[in-house]
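Below: the structure, in structure tokens.
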Amino acid sequence: MQKKTIQEIEQEYELELDKIVKEIKKQKAKHILLQFPDGMKPYATTIAKEIEARAKCICLIWLGSCFGACDTPNLGKAEKDIDLVIQFGHTAWKN
């Protein structure tokens, strides 16, 4: 499978990267955990790199399951090191 660019991914999904970057900066978050549904996981590193470049943060990718908004990662002791969790899905993010 050929790697897609962020522009190609954005043609397929409404990533709302501007809103995400704005929220990261607003919260002054430095360590961001990104959670993706299975269909988007092949694009996770490309999306993470774009967010890191725009927001000047460090993105970690959750490789466990994601069956919807109620399926939040169980971070255990690592929870104290994560400033913000962002879940990607197939519907728009509402303010």
Can you flag which of 3/26; 4/30; 26/56; 28/80; 4/25; 30/80 are past 23 Å Cα-Cα? 3/26; 4/30; 4/25
Counting only other residues whose beta carbon sits under 14 Å from that of residue 6, what net charge do I get with K and R as +1, D and E as -1? -4
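The numbers here are math on the coordinates, done by the rules we state, and not lab data. If you're wondering where the values come from, they're calculated on a predicted model, not measured in any experiment. In this analysis, Cβ positions are derived from the backbone assuming ideal geometry, glycine residues included, and neighbour counts consider all displayed protein chains.
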